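J.: This structure is in structure tokens; I'll ask about it shortly.
The values are calculated or read from the model by the stated rules, or taken from the named source; none is laboratory data. Just so it is clear, the structure is predicted and the values come from calculations on it, not from any experiment. Virtual Cβ from ideal backbone geometry, glycine too; neighbours counted across all protein chains shown.
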Amino acid sequence: MSLSTRKRRKGEPYFARRTEDPAPLTFRIKRRTLFSDADPMGILWHGRYPAFFESAAAELHRACGLGYLDFQQANVYAPIVQLHIDYIASVLLDEEVMVEATLVWNDAARIDTEYAIVKPDGRIAARGFTVQLFTASATGIPLLAPPCFVEASRQAWRDGEFAYLQ
């Protein structure tokens, strides 16, 4: 196991934090493993983890003014250009887990989100991250600067309006 893999499994952040940046924002939801989520062994199928991540991320992003409808109204897309998952412990059929999405500050034209799936006994089942890149909806061309509504959200973050998510 590489050093970076060991560090990730110990729960170290995927994205760097600078002391001058606002604290990350976190949203937590509970999610139960349904029959349709499980493989024949009664374990959460590895391909379902991104859907669990997205359930928490969608709520977090919506709370910050970065929901899917906000992007649609601004004619901007934010496709995921990178997804990473570290599988640590199995999530079982009918097990209720806590899914955490954490938005990490970034000045660039992108969204960095980290995730954790926590079992009822407090053990981490999986961790991961996504990177979303802002693009023009009509052309798919990456934007060089964040859209205005993203900048407004970031200003509210700087001003402490999302302190309840810290």
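J.: Could we say that Asp107 is acidic (Asp, Glu) and modelled with pLDDT of 95 or more here? Working first, answer last.
T.: On the way: acidic (Asp, Glu): yes; modelled with pLDDT of 95 or more: no.
In short, no.
J.: If you don't mind, another one. For Ala51, state whether it is touching a Phe, Trp or Tyr at 6+ places or on another chain (Cβ under 6 Å) and at pLDDT 95 or above. Please lay out each step first, then the result.
T.: Values: touching a Phe, Trp or Tyr at 6+ places or on another chain (Cβ under 6 Å): no; at pLDDT 95 or above: yes.
Taking the combined requirement at face value, the residue does not satisfy it.
J.: Can you name the condition, by its number, that Leu60 falls short on among (1) of a type outside the set (Phe, Trp, Tyr); (2) surrounded by 14 or more Cβ atoms within 10 Å (Cβ to Cβ); (3) assigned to a strand (DSSP E or B)?
T.: For Leu60, the exception is condition (3).
J.: For the stretch 90-123, which residues satisfy the criterion of being over 26 Å from Thr19 (Cβ atoms), of a type in the set (A, V, I, L, M, F, W, C) and under 19 Å from the mean Cα position of the chain (by Cα)? Let's see the steps before the verdict.
T.: Start the filter on the stretch 90-123 by keeping residues that are over 26 Å from Thr19 (Cβ atoms), which leaves 90-99, 117-123.
This time we only want the ones that are of a type in the set (A, V, I, L, M, F, W, C), so: 91-93, 97-99, 117-118.
Scanning the stretch 90-123 gives Val91, Val97, Met98, Val99, Ile117, Val118.
J.: Which of the following residues is surrounded by 12 or more Cβ atoms within 10 Å (Cβ to Cβ) and within 16 Å of Val104 (Cβ to Cβ): Leu83, Leu44? Walk me through it before giving the result.
T.: Values: Leu44 fails: within 16 Å of Val104 (Cβ to Cβ).
None of the others qualify; the one that does is Leu83.
J.: Let me ask something else. Starting from residues that are part of a helix (DSSP H, G or I) and of a type in the set (S, T, N, Q), keep the ones in the stretch 63-86 and report whichever is farthest from the chain's Cα centre (by Cα).
T.: Narrowing the stretch 63-86 to residues part of a helix (DSSP H, G or I): 63, 68-73.
Checking the rest, the ones that are also of a type in the set (S, T, N, Q) come to 72-73.
Values: Gln72: 19, Gln73: 22 Å.
Going through the qualifying residues, I end up with Gln73.
Here's the yes/no breakdown for (1) in contact (Cβ under 8 Å) with a residue 24 or more places away in the chain; (2) farther than 26 Å from Ala136 by Cβ; (3) basic (Lys, Arg); (4) touching a strand residue (DSSP E or B) at 6+ places or on another chain (Cβ under 8 Å):
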site	(1), (2), (3), (4)
Thr26	yes, yes, no, yes
Ala38	yes, yes, no, yes
Ala51	no, yes, no, no
Ala58	no, no, no, no
Gly65	yes, no, no, no
Asn75	yes, no, no, yes
Val81	yes, no, no, yes
